[in-house]
Amino acid sequence: MPRIALVAITKHGTELAKRLQAAMPEAELKVPEKFASAAPGAIVMKETVSKEIARWFHDYEEICFVISLGAVVRMIAPVLKDKHVDPGVVAVDDRGQFAISVLSGHVGGANVFCERVAKALGAQSVVTTASDVGKTIPVDILGRELGWSTEGDENITRVSASVVNEEPVAFVQETGERNWWTRDVPLPKCIRVFPDWDGVDPEAFKAFLVVSDRLREAFPAGIQDRLVLYRPKSLVVGTGCDRGVPEADLFDAVETSLRERGLSPRCVRNVATIDIKENEPAINALCSRKGWPLVTFSKDELLETFAAVAVPNPSAVVKKYTGTPGVSEPSSLRSAGAKTLVMEKRKFPPGITVALARVVFP
């Protein structure tokens, strides 16, 4: 799917859109038939944008209209769905003086796209999103560039209001990357950061931003309607199994392990095992279904882990068949860069082992 569309309907607008395309060669340019000769290679619109837009609006992640703001609003209004699927929309005036973030500023990426457009044209960017203007936490997309996802989206509007209105907000980071604050100003004083729940008084805060791989029900019932959870990729599933184990049994073993430890599968970064299991059908099926990458280690690499870390459950039987006293535990520890396990090796029939480790973040 093409990522960016540039849409112009006037002579000057077409020239501006061509300048943008020179800076964004991946973008598709759309112009009316009247100006097709001035924009070789452009997609020619046979009808007005208002009539054409329904056919392609949701084919793009970002769209820049070199058209007046009012006209853009009227054109896109009939085709809007919601912020999770609508593209980011930017409007540029016919003289290229202003680039205005119109729609999906955060989730759709329009605010960032707006800055890119403005830079390419030497224009003034216009962004009105409160968290960007106030340089505070953008609740709905925090950590997205780090691979974090959100949970508790039904609370985002309420929690965002608390952040923007500078009400007391607790930011509790149990795991995940520490370099999540990327603005060029200090973190707002209304936001207090905690490494865990010690010292966090639920009554003292209007909202809670929590970075955790624990299941939502682990947090106090009294804050559930004021809570947004961020899910970093913080867990590694180490596994070993006999040849030909049924896929369903491995799936159940992993899901049971995560559930009983109160951990979210959304936080699994990858599966880890020994290299001789790289083509094991059940392991590959698990990774494919869950969208989890598979990381493998050689026998010698796992032996190095045993030498460096106190792996808790070595097995003479496993060593006889693989050359290393364990697979699930050392592979999860090595992949996570950890020295301890969240869950030590657990055996599941028929011939499956699972261990869990938490990624060590710098």
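Annotations
- Taking segment 226-251 as the range and being crowded, with 18+ Cβ neighbours inside 10 Å, of a type in the set (D, E, K, R) and assigned to a helix (DSSP H, G or I) as the test, only Arg226 passes.
- Consider segment 193-209 and keep the residues that are in contact with a helix residue (DSSP H, G or I) (Cβ under 9 Å, 6 or more places away or on another chain) and buried (at least 16 other Cβ atoms within 10 Å of the Cβ). The one that is farthest from Pro168 (Cα to Cα) is Leu209.
- Selection of segment 329-353 for residues being outside any loop (DSSP other than H, G, I, E, B) and under 26 Å from the mean Cα position of the chain (by Cα) yields Ser331, Ser332, Leu333, Arg334, Ser335, Ala336, Met343.
Okay, residues lined up against (1) modelled with pLDDT of 90 or more; (2) assigned by TED's automatic domain parsing to the domain that holds Asp201; (3) exposed (fewer than 14 other Cβ atoms within 10 Å of the Cβ):
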site	(1), (2), (3)
Asn111	no, no, no
Glu115	no, no, no
Gly122	yes, no, yes
Lys135	no, no, yes
Pro138	no, no, no
Ala161	yes, yes, no
Glu167	yes, yes, no
Gln173	yes, yes, no
Arg178	yes, yes, yes
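- Qualifying residue in segment 290-309 (condition: under 20 Å from Arg243 (Cβ atoms) and surrounded by fewer than 17 Cβ atoms within 10 Å (Cβ to Cβ)): yes
- Top-ranked residue in segment 156-173 [being of a type in the set (A, V, I, L, M) and either over 12 Å from Leu142 (Cβ atoms) or assigned to a strand (DSSP E or B) (or both); ranked as nearest to the chain's Cα centre (by Cα)]: Val172
- Scanning segment 310-332 turns up no residue that is closer than 28 Å to Trp148 by Cβ and β-branched (Val, Ile, Thr).
- None of Asp201, Asp213, Asp225 is in contact (Cβ under 8 Å) with a residue 40 or more places away in the chain, out of contact with any strand residue (DSSP E or B) (no Cβ under 6 Å at 6 or more places or on another chain) and not assigned by TED's automatic domain parsing to the domain that holds Ser332 except Asp225.
- For segment 276-289, the candidate set comprises residues that are among the aliphatic types (A, V, I, L, M) and within 19 Å of Leu235 (Cβ to Cβ); within that set, the residue that is surrounded by the most Cβ atoms within 10 Å (Cβ to Cβ) is Ile283.
- Among residues of segment 124-133 being farther than 13 Å from Val164 by Cα and among the polar types (S, T, N, Q), the one that is modelled with the lowest pLDDT is Ser125.
- Candidates Ser315, Ser328, filtered to the one that is of a type outside the set (Val, Ile, Thr), within 23 Å of Arg214 (Cβ to Cβ) and surrounded by 15 or more Cβ atoms within 10 Å (Cβ to Cβ): Ser328
- Just one of the listed residues (Ala22, Ala54, Ala91, Ala17) is assigned by TED's automatic domain parsing to the domain that holds Gln124, more than 18 Å from Ala123 (Cα to Cα) and not in a loop (DSSP other than H, G, I, E, B), namely Ala54.
- Conditions (1) part of a helix (DSSP H, G or I); (2) touching a residue at least 24 places away in the same chain (Cβ under 8 Å); number of the one not met by Ser37: (2)
- Looking across Val7, Val73, one residue alone is in contact with a strand residue (DSSP E or B) (Cβ under 8 Å, 6 or more places away or on another chain), modelled with pLDDT of 95 or more and surrounded by fewer than 17 Cβ atoms within 10 Å (Cβ to Cβ). It is Val73.
- Yes/no for Val254 being assigned to a helix (DSSP H, G or I) and not hydroxyl-bearing (Ser, Thr, Tyr): yes
- Here Lys320 fulfils each of the conditions (1) among the basic types (Lys, Arg); (2) at pLDDT 95 or above; (3) loosely packed, with under 15 Cβ neighbours inside 10 Å apart from (2).
- Positions within segment 194-221 being part of a loop (DSSP other than H, G, I, E, B) and over 23 Å from the mean Cα position of the chain (by Cα), in sequence order: Trp197, Asp198, Gly199, Val200, Asp201, Phe205, Lys206, Pro220
The values are calculated or read from the model by the stated rules, or taken from the named source; none is laboratory data. Owing to the predicted nature of the structure, the values given are computational and were not obtained by experimental measurement. Positions of Cβ are generated from backbone atoms using ideal geometry, with glycine treated the same way; all protein chains shown enter the neighbour counts.
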